[in-house]
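Quick one: structure below, then a few questions.
The values are calculated or read from the model by the stated rules, or taken from the named source; none is laboratory data. On a predicted model such as this, the values are computed, not experimentally measured, just so you know. Neighbour counts are summed over all protein chains in view; Cβ atoms, including those assigned to glycine, are modelled from backbone coordinates with ideal geometry. Surface areas here come from the heavy atoms of the whole protein model, side chains and all, with no ligands, DNA or RNA. Shrake-Rupley method; radii C 1.70, N 1.55, O 1.52, S 1.80 Å.
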Amino acid sequence: MSLFKFVFMAIDSTFEVVACQVTTLGDAEVIAFEVKLAKSFWLGKHFVAADPRGIAHVSTTLVHLWQSLAVCIALILSWPDISVRKRMLALVYGLFLCLLAWCADVPLVLLASLWQMIYAHYSITDFSILTYWQDVLENGGRLIIGLLVGYLAIVFGIKT
């Protein structure tokens, strides 16, 4: 969790993570962040002031992360004409590469949710690349990432 927190803070220093945890929300396991504004800033014509009492809650479900891992493992295990040793090596590479993908996935999705809240509060309809990225991930992008990670892991496993 502290890795996700570190990457989150490195990507956007506008927010400060107060707490992060894996918890149950409804019937789903989620990665939940409690975040506050670290600094005040101008957003178009609006001044957004940092209030130390203001806390935002954002979360993403763990099942989303498992999608890319499941596709990656399925691709590695179903790849034809590869020795057992190289397949095991590809699985290790796949796990490592999925972890790297998750380090980008979780913070970016949570940041997108935060910026959506701010934009909605001020009725701003500006272009946000994070919102589009979140939509891509939630509509099959994680499956594509799983395929790419699995293919890269196979290539690395065969070449090693």
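Filter the range 9-19 for residues that are in contact with a Leu (Cβ under 9 Å, 6 or more places away or on another chain) and either in a loop (DSSP other than H, G, I, E, B) or closer than 20 Å to VAL63 by Cβ (or both) and give the result.
Residues satisfying the conditions are ASP12, THR14.
If you scan the range 107-122, which residues turn out to be hydrophobic (A, V, I, L, M, F, W, C), free of Cβ contacts under 8 Å to residues at least 60 places away in the same chain and surrounded by fewer than 15 Cβ atoms within 10 Å (Cβ to Cβ)?
Of everything in the range 107-122, just one residue is hydrophobic (A, V, I, L, M, F, W, C), free of Cβ contacts under 8 Å to residues at least 60 places away in the same chain and surrounded by fewer than 15 Cβ atoms within 10 Å (Cβ to Cβ), namely ALA120.
Quick one: which strands (runs of 3 or more DSSP E) sit completely within the range 24-106 and have at least 2 residues that are over 30 Å from ILE154 (Cβ atoms) and open to solvent by 40 Å² or more (accessible area, probe 1.4 Å)?
Correct list: 28-37, 46-48, 56-61.
This table checks each residue for (1) under 16 Å from LYS86 (Cα atoms); (2) modelled with pLDDT of 90 or more; (3) not in a helix (DSSP H, G or I); (4) not polar (S, T, N, Q).
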{"position": "TRP133", "(1), (2), (3), (4)": "no, no, no, yes"}
{"position": "ARG142", "(1), (2), (3), (4)": "no, yes, no, yes"}
{"position": "GLY150", "(1), (2), (3), (4)": "yes, yes, no, yes"}
{"position": "ILE154", "(1), (2), (3), (4)": "yes, yes, no, yes"}
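Let me ask something additional. Can you name every residue in the range 123-137 that is surrounded by 13 or more Cβ atoms within 10 Å (Cβ to Cβ) and over 23 Å from the mean Cα position of the chain (by Cα)?
ILE124
Given the conditions (1) in contact with a helix residue (DSSP H, G or I) (Cβ under 7 Å, 6 or more places away or on another chain); (2) open to solvent by less than 30 Å² (accessible area, probe 1.4 Å), and given that GLY140 satisfies all but one, which numbered condition is not satisfied?
Status for GLY140: all satisfied but (1).
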